[in-house]
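J.: I have a structure I would like to understand better, so I am pasting it below and will then ask my questions one at a time.
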Amino acid sequence: RRSGQYTMNHENSKKAPDGAAFDRSGSQDSLDELSMNDYWKELENIHETRGNNHEEQEALVVKEPDEGELEEEWLKEAGLSNLFGEPGDSLESVVFLSTLTRTQKAAVEKRVETVTQTMRKKNKQYQIPDVRDIFRLQSDSKGKVCDGSEPSTVRTFENKNETQDEAKGPKFSLGTDDQTSPPEDTRRSETAINLEISFAEQAANLKDSSVGRMCKGGGDDTLLPNFKLPKDKTGTTKIGDLAPQDMKKVYSLALIELTALYDILGTEFKQQKAAKIKTKDSGLFGVPLAVLLEQDQKKVPGTKTPLIFQKLISQIEEATLETEGLLRIPGVAARVKSLCQELEAKFYEGTFNWENVKQHDAASLLKLFIRELPQPLLTVEYLKAFQDVQNLPTKKQQLQALNLLVLLLPEANRDTLKVLLEFLQRVIDHREKNKMTLKNVAVVMAPNLFTFHGFGSKSIEQSEFVMAAGTANVMRFMIQYQKLLWTIPKFIVNQVRKQNTESQKKEKKDKAMKKLLKKMAYDREKHEKQDKTPNDADVPQGVIRVQAPHLSKVSMAIQLTEELKAADIVARFLSQKSGNVQTLKREEVFLYEIGGNIGERCLDDDTYMKDLYQLNPNAEWVIKPRNS
C-alpha cells in the first residue's frame, strides 16, 4: 500500500541515532508514540484521498531565494525598503525606527547589513543610508526603550567580533553562573503573560540572566500551562479593534518583533516564497481564499469566511457534536469524492441536498477543503515559521511567537483560521461524549494544516516524521490559547501610538513652515485658538465629551472617575430612550477611541476611562455600531 512507506519510515524514525523524531525534550515531550497513531492514520487517509483524486492541481513550488533576497524582501515587508536605496519617505522611516526596541533594532540592522554586503558584491550603485547612524540618533543616552522595557544587552553590529558569533546563531543558555539578578518578568508566575514588554526583550533578559527554564507539559490536556490574559486598565486590544492604517503599522512591528525573538533564541526565521501557479478562478475546492471570498461577498455582503466553509461546519454541528470519534473517523472515500463533485455543481445554485450528507463525510469534506487550498491556510510565507515554533525553548515563548504569527496572516486566512479554531474548541467541549480531547483533535487536524501537498512529496516525507509530534503540539497551542492569540500585545499598540504622535509632530512642523512661507501663520493660529476656546471652556478638566450619532442622546459630558469603565458610558447612553431613533441592542454598539495618538480603536467593556484618557488626552470618544 502507498501508506506502507509512511508506516515503515515511521518505524525507522524511532531507531534514528539522533532520536530527532521522537525527542522527549522540548515541545514534543507531551505526545508519546502511542498517542500519535491517529496522526499516521489521518496521514494515510489524506494520501488515499489524493490517490483517488485524478484532477490533482498543479503543485506549489517554493522558490529558493538568491543571496540577500530574503533580507531585501523582509525589509520591504517591514516598510523599510528605502534603507537599501528604494524610493520612500526617509523621515517616516526615522520616525518608525525611533519607536523600535533594542532587540527590534538589532534585527533590522542585521538584515540591512546583509543586503548592503550583497549589493556591494553585485556592484549596485545605491546610496545606502547607514542604519547604524539612524539608530544612534534615536538611542543616545536613553535609559529605556519606548515600550517601557529596560535596556537589554542585545549585541549590535558595532562590535564586529560579537557580530560574527551572532551570525552563527545565538545560543540559549540554561546555565546558572550569572550573578546578575533576574529581571522582574522572570520572577513572575510561569503562567503570567507580559504583554507590556517586548517579547524579544523578555527573551534577551532571560538569556542574559541565565534563568531560562524549559517548561515541559505532560500528555494530558490539564497539564498545559494555564496562560491567561492580564488585566489592562487601558483596555485589551483585539484583532479587528484598530483602524486599517494602524493595523499596517501593527503588521510591520509584528514582523520585526517575531524576527528579533527568533534571532535571540537562535531559531532561523525564513519567509518562504511561492512561484506563481495557475489556480481555479471559480468553484469551491482548490480555489484561492481571496477568490472564494470575492465571489461569496457578491451573494452575502460582508462575509469574512467562505460560505462552503461555514456551511460544512454548521452541517457537522447540526447532527450533534457528541458523536464518538468526530473528526477522527473518516467518511467513505468514494462517497466524499462524489459529494465534492456534486457540491461544485449545485452549491451556489442552492439545489444541493444536505440531508444526504452524513456527519463523518461532512467532517472529511471540511478537512479536504483546508488541504485543497492552492496555498496553505497558514500561508506559504509563514508555514515553516509556524512549524518552527516547536523548537523554541519555553512554552511561553512558543505562545508569544504564535501570537505574532497570527498578526502576520492575511485577513482572509486569519478569519478562516479563527472560525476553524472556535469550531474545534466546541468539539473538544463535548469530549466526555465524543472522546475527542484537545490532544486527539490536535493530532488529527495537524496533518491537514501542516503537511501541505504543494511543497513536493519528497521534502515532506523526509521531514514529516520529525515534525509530526511538534506540529501536533503547535496545533494544541493554537486551539487552547486562541483567545490570547487574537490579542494585539500592548507594547505593539504603544509603539503604534508613539509612531502616530511623532508623525503628527512632523506634520505640524511641515504645516508651520508652509504657514510661515505664506505669511499667514499669525492669522491661522489666532483663528485656531478662537475655535478651541469655547470647547475648552465647555468641557472642564476631568470631563470628556462623548458623541453617539446613532442613539437618541447624541452627546453627553461624562465626569471621569477612577472606576468608570467603557461599559458604564455605553449603558448610560442606552438608558436615554427615545422613539425617534431606532433602538440598538447593547451588544451592537461600542465606545470608540478616535484620533490623538491612535487612528481608531474599539474599546473593550472593561477599559478604565480615566487611565485611557491619561494615555490619549486628545482623543475623541464616539459610540457607534462595530460595523458602521
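J.: Within the stretch 257-291, how many residues turn out to be loosely packed, with under 15 Cβ neighbours inside 10 Å, among the small types (Gly, Ala, Ser) and in contact with a helix residue (DSSP H, G or I) (Cβ under 8 Å, 6 or more places away or on another chain)?
T.: Residues in the stretch 257-291 being loosely packed, with under 15 Cβ neighbours inside 10 Å, among the small types (Gly, Ala, Ser) and in contact with a helix residue (DSSP H, G or I) (Cβ under 8 Å, 6 or more places away or on another chain): 2 in total.
J.: Within the stretch 411-419, can one find any residue that is farther than 18 Å from residue 471 by Cα, assigned to a helix (DSSP H, G or I) and polar (S, T, N, Q)?
T.: For the stretch 411-419, residues farther than 18 Å from residue 471 by Cα, assigned to a helix (DSSP H, G or I) and polar (S, T, N, Q): present.
J.: Got a number for residues in the stretch 523-549 being open to solvent by 70 Å² or more (accessible area, probe 1.4 Å), of a type outside the set (S, T, N, Q) and modelled with pLDDT of 80 or more?
T.: Of the residues in that region, 2 qualify.
J.: For the stretch 256-296, which positions are in a helix (DSSP H, G or I), under 24 Å from the mean Cα position of the chain (by Cα) and not assigned by the TED database to the domain that holds residue 78?
T.: Answer for the stretch 256-296, where residues must be in a helix (DSSP H, G or I), under 24 Å from the mean Cα position of the chain (by Cα) and not assigned by the TED database to the domain that holds residue 78: 289, 290, 291, 292, 293, 294.
J.: Across the stretch 335-353, which residue is farthest from residue 370 (Cα to Cα) among those that are touching a residue at least 40 places away in the same chain (Cβ under 8 Å) and open to solvent by 20 Å² or more (accessible area, probe 1.4 Å)?
T.: The qualifying residue farthest from residue 370 (Cα to Cα) is 348.
J.: Further, regarding this structure: Just the residues that are closer than 15 Å to residue 547 by Cβ and either more than 23 Å from the chain's Cα centre (by Cα) or free of Cβ contacts under 8 Å to residues at least 60 places away in the same chain (or both), please, taken from the stretch 594-608.
T.: Scanning the stretch 594-608 gives 594, 595, 596.
J.: Filtering the stretch 299-327 down to residues that are small (Gly, Ala, Ser) and open to solvent by 30 Å² or more (accessible area, probe 1.4 Å), which residue is nearest to residue 414 (Cα to Cα)? Show your work before the answer.
T.: Looking only at the stretch 299-327, we keep the residues that are small (Gly, Ala, Ser), and these are 302, 314, 319, 325.
The next check asks that each one be open to solvent by 30 Å² or more (accessible area, probe 1.4 Å); those that pass are 302, 314, 319.
Values: 302: 15, 314: 19, 319: 27 Å.
Result: 302.
J.: Further, regarding this structure: Being β-branched (Val, Ile, Thr) and within 35 Å of the chain's Cα centre (by Cα) is the filter here; which residues of the stretch 322-365 pass it? Explain how you work it out, then say what you get.
T.: Filtering the stretch 322-365 down to residues β-branched (Val, Ile, Thr) leaves 323, 329, 332, 336, 351, 357.
Answer for the stretch 322-365, where residues must be β-branched (Val, Ile, Thr) and within 35 Å of the chain's Cα centre (by Cα): 323, 329, 336, 357.
J.: Related question: With 421, 402, 438 as the choices, which residue is touching a residue at least 60 places away in the same chain (Cβ under 8 Å), in contact with a Leu (Cβ under 6 Å, 6 or more places away or on another chain) and crowded, with 19+ Cβ neighbours inside 10 Å?
T.: 402
J.: Can you tell me which residue within the stretch 92-104, out of those that are within 16 Å of residue 496 (Cα to Cα) and either open to solvent by 10 Å² or more (accessible area, probe 1.4 Å) or in a helix (DSSP H, G or I) (or both), is modelled with the highest pLDDT?
T.: Of everything passing the filter in the stretch 92-104, 104 is modelled with the highest pLDDT.
J.: Of the conditions (1) within 18 Å of the chain's Cα centre (by Cα); (2) in a helix (DSSP H, G or I), residue 377 fails just one. Which one is it?
T.: (2)
J.: Considering only the stretch 354-379, how many residues are in contact (Cβ under 8 Å) with a residue 60 or more places away in the chain and among the charged types (D, E, K, R)?
T.: So the answer is 3.
The values are calculated or read from the model by the stated rules, or taken from the named source; none is laboratory data. Because the structure is predicted, anything quoted here is derived from the model rather than measured. Methodologically, a virtual Cβ is constructed for each residue, glycine included, from the backbone with ideal geometry; neighbour enumeration extends over all protein chains shown. For the accessible areas, the whole protein counts, side chains as well, though only heavy atoms, and no ligand, DNA or RNA atoms are used. Shrake-Rupley method; radii C 1.70, N 1.55, O 1.52, S 1.80 Å.
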